């Protein structure tokens, strides 16, 4: 246990800071003979890449991934897969001012106190740069899961503005810069975020990830339950402050009568649930329904508005975090959260297999 | 990785079903020379024990814990601590009807599909009975943490009824059967729950756990962050559907300006945060502020109202879950969630120590 | 990681001291629907039980195991299996003299220095008593492995006296108190050990464990190789000082020409190795040949001959370790080493399964 | 658990094949503020590097390591340390002949059966190339351990030729191409190995690693004992077939009277052991004496002498493994085994710290 590995049987271990020469990861436990090429990973990295719209940071991170091992003649060999992205847009000069001041809401203060040293250039290890490798590992996890399982994320709330579920359209998600399934809300968010951006502020968001096609039976009660591992996976992502499975906090207001997902037999002779308050997990084991996770993301801590803080010497001071920031880091959180769900599912698929005779 | 162990360096492994001869756990990694006696554990088990008011199940579980190893002459020896509770109130006859029918909202269906066999007596391993051992392990964790760290939980919402934070009183928490810090809300909940109980239904709840005295520096970024492990710990508890750190889902509606926990220097020369939106965790590392976690609990799935389901043969049927059920399982969730927080903190205290020169 | 758990997916965690009220273990990760009853475990415990001949300690340990969970109606349920043995022959009065003196060769000194406290009654946690639970876990592992895999151990050397491989007879192993496959050697050892016993001394031994029927493919290179995990398993047993796979240290004297296990095709169309210098493991993966492990056991440290030592106050003193000791602890090591091999194999069988599509 | 990570709190995860673009590793759990530069690692890589004498393979592997993360301004930051070596001497054309034939003694057959695919170029993942990263991780571990702990390895046997312990000289070890502490033996080995090399054969060896300065108290009984983890570490190295702690297999021939490491008080008021049969480990915990491990290495499996084997189609055939091979792979095993000991010790130092109040 040293903090930079995720997963049990399907696992990945990452390294890298925002301003080092490279970031990378080792994906381990991947079964052999799975087709995998750099394009499979690059596809998902593009989705996370900054600078694709004016609503994400304008930093340039080409994020070109390279497979260094574990793949031979186009398929996995069962050995660890080394992945690497060379860092390119390292404008270290930008970060002089925050060298000694702790940015409120960032990990500057806690890293300083914990480690007694801090790579102050752009957040170092605590930078969202690290999440590129989660996306890369998630791309491998998707290949392990196969095409029968579909994982899709989207934003359901930006600041106080929620989507209208009656307008939910899977096809809209990739049609706007917010991964928003509600075209009307997407339009509203555009105006709203422009305003936030002009204020030099930022805003939080809620995103939802759905996995369809997960069979019944995945999960390892009672401490490595599927939902427990999902909760850990999501909460480990930068800026995440809350995780819900199924109805989540709404379940607190429900009666047992309302909350019961009743079961009938389908025409195909398989059980059919009449509702999905549970979010596809019962007793920590997938039920065969859609697995539904929601994640709360706090507003980007880097803002162009002056805030009060202290420096490493214990002096009080004020700070404006200059630079190119995401007005709503929740947007780019979607592919990251998708990737983490893919990794958790691949891991639990394999754990489940281990116990089958 | 096999599902029934929690923790990295401070860990516990549990066994036991609701209707087997005993439940037990092994707490491992406990430092030596810590005073520990059965009363220290029993104290917390009493808090979780059913039947203490009409708002919890009337099952009788004396829950008398016995220390079987790891303690010598009143102090821990650094060897594993074996704990055991003999099950006493095993009315197996009650459970005949649910032998073949899947109770909606319970893990009956998923256990059946995953394992192909199910101890149908009272939920077997998926019963909340298992949480007694979490409380026992948590009691040991509290001793490891020492008295400088205080962990306290309480209910902040029962069904749609929330506490009024302006009436928050730490001293009220143990004065009512709901661990409610707001005496007015406690009164309302009493009437509300009587009604729910009479209907044969149940209701959800939200509980909050606060750890005071946690020093800055605990947490292992980027995958074993303190909040990530807390999220896993909480989500692994039966009936939990959501976890929040600090502002949680409220953070989605905040701007970066509002969300920034500004820092000043205190009169004692130590940093003082002017707010705690972060809930005491920054970048996955404790900040020295109170660690604040909120947990959503779904309504008890066992209700006296008929619901539609199927049986193990795939026949559609209806089911009333007779028996002695908690109308609001969230109440007894408080000591369980407290215990899990204690375990996570003890674990991270030790992990942090490992890295100190 | 806290020291008292063994295994990855199939795992067991143990607790208990020689003079506490009970010892126990939790076997986790066991697949469901495997027939298991207490007799299945008791059978192997009898093999390890002291007092079965004059060549083992005369302590009385009935070692009656009880299954507390994880088995329902005669088969495993996939939930953790709690096992317990009540300690009965706790003659604490015997141990007064060693309360403050460190027995040479024992863990008294290191436990004292590490933990600052020591359960001096009979070795506490470092007592061979703990190995009863390894045997119990191993019995479960054998059921998981199934009957196609046969694990058998025997002594090949007692003190300087080795068996003659030309007289090797599988059927002799259970015909003498030494698990000796060579009837002539067994006779020699009898006289030799009587002499050792009369001197109040003890003697070392070498045992060999063979697993037949292990299919090709088990093992997780490059750090969790099958042989690496076997080495750890064996070296973790009390009194073990050396581990060999296949030719072991003899391989140092071989040339590459001699050491090559050449391969031909058998009449059944399967590969046949012409020798087994490798001991059934190539590159950390089972080859389909017999897995052969040898283990060196040091002489029992408790002897009736006076030795020089110090006490907890740092005073020099002499010590005779009175009591009922095994003259050759290697004998009772056989079922323990067998059990550890069974656990490693069950674990790797499941790990291998996890990666199969 | 996926096979390519070693260690608990101080851990490293590696990737890379002999003929891929690069090999690398992530060292995790390293405390912050430890000075570390590439030269610190390169120093030990040079020791392992092929081609330094005619007794090792003539392949050219410059093995220039690059630190990609985790170090800032010359000291560690507490974040994961990414290390990478670009592979340069990849003569893929050499390996055409072994593409379809299984080299006896190599992992070709087992990888093929396990994974159904095999990177046949030079052994792929099972190549000794992988050990470069163990050496790199070990270099970091040495820095974590600090200068008070000295780890030194040497050969004590090549083929049937052992050193004479009476001629043991620490200063000779680096004076000959065999890491041999006995100058007379070194001379003999030179002639002997020339002969072996001319025959196109290879030979095994025994190496010994000693750690001086390890304090009393490291080790996590009863399954993660210091010696158990050392055994696993050593057995996981390519070509290793046996591991001994202290007297190892010799202990089988000793009586309890002989084997007892008696204790006296030294002039400095500290305990002094009169012998070290135990090899510095008692009950799985370091005793403060030198930790002594011996490792048996089989002869290089790649030889220029024809051996019988089969191909992937199940056809019988003969094979000569052309190429540039180590006549005695045990020589280059010394820095690898040293590195593994350093990693185990660093890990256990940190685990021990975790439990100190």
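Values quoted throughout were computed directly from the atomic coordinates according to the rules given, and no laboratory measurement underlies them. Worth saying up front: this structure is predicted, and the values here are computed from it rather than measured. Note that we place each Cβ from the backbone using ideal geometry, even for glycine, and neighbour counts take in every protein chain shown.
Listed from fewest to most Cβ neighbours within 10 Å, the set D:182, B:347 follows the order D:182, B:347. Between copies, the label points at residue A:258 (set 7 angstrom from Cα along Cα-to-Cβ) are spaced 2.5, 8.1, 8.1 nm, reported in nanometres from shortest to longest.
Each residue in D:103, B:165 was given a count of other beta-carbon atoms within 10 angstrom of its own, and listing them fewest first yields B:165, D:103. For the pair residue C:167 and residue B:88, label points projected 7 Å from Cα toward Cβ lie 6.1 nm apart. Axis angle, to the nearest 10 degrees, between helix B:329-354 and the longest C-alpha principal axis of chain B: 40 degrees.
The stretch D:167-190 and the stretch C:31-75 have Cα centres separated by 53 Å. In chain D, the beta-carbon sitting nearest the axis that superposes D on B belongs to the residue given here with its distance in angstrom, D:354, 2. Compare D:275, D:127, D:302 in a GNM of chain D, Cα atoms joined below 10 Å, and give the one with the largest fluctuation. Highest fluctuation among the options: D:275.
Peptide D:138-151 has a mean of 0 when you count, residue by residue, the C-beta atoms of other protein chains within 10 Å of its C-beta.
The ratio of the alpha-carbon radius of gyration of the protein assembly as shown to the globular-protein estimate 2.2 N^0.38 Å is 0.90. For chain C, a Gaussian network of Cα nodes joined below 10 Å ranks C:243, C:71, C:158 by mean-square fluctuation, and the top entry is C:71.
Computed from Cα atoms, the angle from the helix C:226-235 axis to the main principal axis of chain C rounds to 10 degrees. Only Cα pairs under 8 Å and 6+ residues apart enter the sum, and on that basis the relative contact order of the stretch D:5-356 stands at 23 percent. Each copy carries residue B:66; placing its label point 7 Å along the C-beta direction from Cα gives inter-copy distances of 0.7, 6.3, 6.4 nm, listed from smallest up. Between this copy and the others, label points of residue B:183 are 5.8, 8.9, 9.2 nm apart in ascending order, each placed 7 angstrom from Cα in the Cβ direction. An ellipsoid equivalent to chain A, defined through the eigenvalues of its Cα gyration tensor, has semi-axes of 34, 26, 19 Å when rounded to whole angstrom and sorted largest first. Taking D:212, D:307, D:197 in turn, the Gaussian network model of chain D (Cα-Cα springs below 10 Å) assigns the largest fluctuation to D:307. Would you please state the base-10 log of I(q)/I(0) at q = 0.12, 0.17 1/Å for the stretch A:235-357, with intensities from the Debye formula using one equal scatterer on every alpha carbon? Result of the Debye calculation: -0.69, -1.02. Full extension of the chain between residue A:274 and residue A:258 gives 4.6 nm of extra length, using 0.36 nm per residue less the Cα-Cα distance. The distance from the alpha carbon centre of the stretch D:280-357 to that of the stretch C:302-357 is 24 Å, rounded to a whole number. Mean partner shielding of peptide A:265-277, defined as the number of other chain Cβ atoms within 10 Å of each residue Cβ, is 2. Normalised size of the stretch B:103-199, defined as Cα radius of gyration per 2.2 N^0.38 Å with N residues, equals 1.46. By other beta-carbon atoms within 10 Å, ranking B:112, A:218 with the fewest at the front produces B:112, A:218. If you wrap the tightest convex hull around every Cα atom of the stretch D:8-132 and split its volume per residue, you get 127 Å³.
Take every Cα pair under 8 Å whose residues are at least 6 apart in sequence, average their separation, divide by the length of the stretch D:210-320, and the relative contact order is 34 percent.
Once the Cα atoms are used to define both axes, helix B:38-48 deviates from the longest principal axis of chain B by about 70 degrees.
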